[in-house]
1. Being within 14 Å of another protein chain (Cβ to nearest Cβ) and either closer than 30 Å to residue A:29 by Cα or under 16 Å from the mean Cα position of the chain (by Cα) (or both), is that true of even one residue in region B:110-130?
2. Within region B:76-105, can you find the residues that are within 18 Å of the chain's Cα centre (by Cα) and outside any helix (DSSP H, G or I)?
3. For region B:132-165, enumerate the residues that are surrounded by 12 or more Cβ atoms within 10 Å (Cβ to Cβ), within 29 Å of the chain's Cα centre (by Cα) and in a loop (DSSP other than H, G, I, E, B).
4. Looking at (1) within 23 Å of the chain's Cα centre (by Cα); (2) assigned to a strand (DSSP E or B); (3) not aliphatic (A, V, I, L, M), find the lone condition where residue A:197 falls short.
5. Output the residues belonging to region B:27-40 that are more than 7 Å from every other protein chain (Cβ to nearest Cβ) and either touching a residue at least 12 places away in the same chain (Cβ under 8 Å) or of a type in the set (Asp, Glu) (or both).
6. Scan region B:175-193 for residues that are touching a strand residue (DSSP E or B) at 6+ places or on another chain (Cβ under 9 Å) and surrounded by 13 or more Cβ atoms within 10 Å (Cβ to Cβ) and jot them down.
7. Being away from chain B (no Cβ under 14 Å) and farther than 30 Å from residue B:120 by Cβ narrows it down to one of A:9, A:87, so name that one.
8. Can you confirm whether region B:93-109 contains a residue that is more than 24 Å from residue A:116 (Cα to Cα), surrounded by 20 or more Cβ atoms within 10 Å (Cβ to Cβ) and touching a residue at least 40 places away in the same chain (Cβ under 8 Å)?
There are 2 protein chains.
Amino acid sequence: MLNRIPGIDYVFKDPGLLEKALTHRSFGSHNNERLEFLGDAILSLVVADRLFHLHPDVSEGDLSRLRSRVVRGDTLARLANKLRLSDHLIMGEGELKTGGFKKNSILADTLEALFGAIYLDGGFRECERVVRQACDDVIDNLPDAEELKDPKTRLQEWMQARGRPLPIYQLEKEEGAEHAKLFTVSVTLAGSREQAFASGSSRRKAEQAAASQMLETLRTAAQ
Amino acid sequence: MLNRIPGIDYVFKDPGLLEKALTHRSFGSHNNERLEFLGDAILSLVVADRLFHLHPDVSEGDLSRLRSRVVRGDTLARLANKLRLSDHLIMGEGELKTGGFKKNSILADTLEALFGAIYLDGGFRECERVVRQACDDVIDNLPDAEELKDPKTRLQEWMQARGRPLPIYQLEKEEGAEHAKLFTVSVTLAGSREQAFASGSSRRKAEQAAASQMLETLRTAAQ
């Protein structure tokens, strides 16, 4: 029975735990879903701790945005691919045939389950060491917290920094059938003739797109 | 300077960390918000670990619902009240006057910040011990995982368990002005004349209320 994964510097005392971590639910009820629940919590803490120390002057909101970037599915899938986790996945026939071993969500979940298994097998410190080995490169090369903010937040902060009133969003049009609606939204800035329009499948998405356009306009005007 | 809180069995090596954990943002920029970010992550892991071992046969979805019940604001505020944390809060004049020391959200956040400070001051094991002392009573007396599911999930599982098709939700009416909308929804079960209606301030809320009514009807009919 396998007791370690090449690329992860940890040898399992209980190889059964490693096997469980690698087992997708398509294989049966003895699978990695509960370990994933645990691993997700460990990963969140280890990344939070690292970011806390790395960015002593960053607000909790920014810390939280930075962490999301590390623990989100596509980042974890990228790390899982680097470790070639797909070579070791244990899955049901159906999932195998449809290429489940290449699915980002399955790879990301398996990596979390692996962290959970190491935590159970070796304790917090050992698991922290392994998580850090896997993630520090990502954590140390995150974009600036500012860039991770959504456009509406950035536009609002741009206005506040200049002592100007908040942007005004207005629903201009709502068209299409119940399940294929299209919302068109405008954003206006008090004391300015600038206006931006955008559409999206939800009001929120349309507002974000409009804010993004307005930021672009402001940026161009400022140059 | 205070180096411990009565009721919490931990003595701070660095009393400055305890002071920071007790300081609300209304007091100034040297406040507990970043510690709260860290404490939230530790609390999540310690509770996840405990639930994982306490309920070896519970699914990850149920584990997650059970944990939410422990780490949600009103549970933490109750624990904070038991520890009389409000006696030690450090806040700005404004918050003090408006009774901020009694606000559930502030008390819950402060308790998380306190866990974060203990983690930094004493490490994971010490912090785990303190979190367990504070929370085990709640964790060991949680309602059954089944009861924590929302009505739509419960109704869906009720139907699936009987091999019947999924409930059908339909928007019946949408009335009121933009910011005070009222949605009315119906739920129908294929192959049954039973139907339930309910209203709510969002479509989702109306659907949950309709599912809840339908469950009641089914329960009464089954008796």
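1. Residues of region B:110-130 that are within 14 Å of another protein chain (Cβ to nearest Cβ), as a first pass: B:110, B:112-113, B:115-129.
With either closer than 30 Å to residue A:29 by Cα or under 16 Å from the mean Cα position of the chain (by Cα) (or both) added as a condition, the list becomes B:110, B:112.
The answer is yes, given that some residue of region B:110-130 is within 14 Å of another protein chain (Cβ to nearest Cβ) and either closer than 30 Å to residue A:29 by Cα or under 16 Å from the mean Cα position of the chain (by Cα) (or both).
2. Of all residues in region B:76-105, those within 18 Å of the chain's Cα centre (by Cα) come to B:76-82, B:103-105.
Selection gives B:103 alone.
3. B:142, B:149, B:150 - these are the residues of region B:132-165 that are surrounded by 12 or more Cβ atoms within 10 Å (Cβ to Cβ), within 29 Å of the chain's Cα centre (by Cα) and in a loop (DSSP other than H, G, I, E, B).
4. With (1) within 23 Å of the chain's Cα centre (by Cα); (2) assigned to a strand (DSSP E or B); (3) not aliphatic (A, V, I, L, M) applied to residue A:197, the lone miss is (1).
5. To start, the set of residues in region B:27-40 that are more than 7 Å from every other protein chain (Cβ to nearest Cβ) comprises B:27-32, B:35, B:39-40.
Within region B:27-40, B:27, B:28, B:32, B:35, B:39, B:40 meet the criteria.
6. Restricting attention to region B:175-193, the residues satisfying the condition of being touching a strand residue (DSSP E or B) at 6+ places or on another chain (Cβ under 9 Å) are B:175-176, B:178, B:181-190.
Result: B:181, B:182, B:183, B:184, B:185, B:186, B:187, B:188, B:189.
7. Details: A:9 fails: farther than 30 Å from residue B:120 by Cβ.
It is A:87.
8. Within region B:93-109, the first condition is being more than 24 Å from residue A:116 (Cα to Cα), and the residues that meet it are B:93-109.
If we keep only those that are surrounded by 20 or more Cβ atoms within 10 Å (Cβ to Cβ) as well, we get B:106-109.
If we keep only those that are touching a residue at least 40 places away in the same chain (Cβ under 8 Å) too, we end up with B:106, B:109.
Yes, region B:93-109 has at least one match.
The values are calculated or read from the model by the stated rules, or taken from the named source; none is laboratory data. The structure presented is a predicted model; accordingly, all values stated were derived computationally and were not measured. Neighbour counts are summed over all protein chains in view; Cβ atoms, including those assigned to glycine, are modelled from backbone coordinates with ideal geometry.
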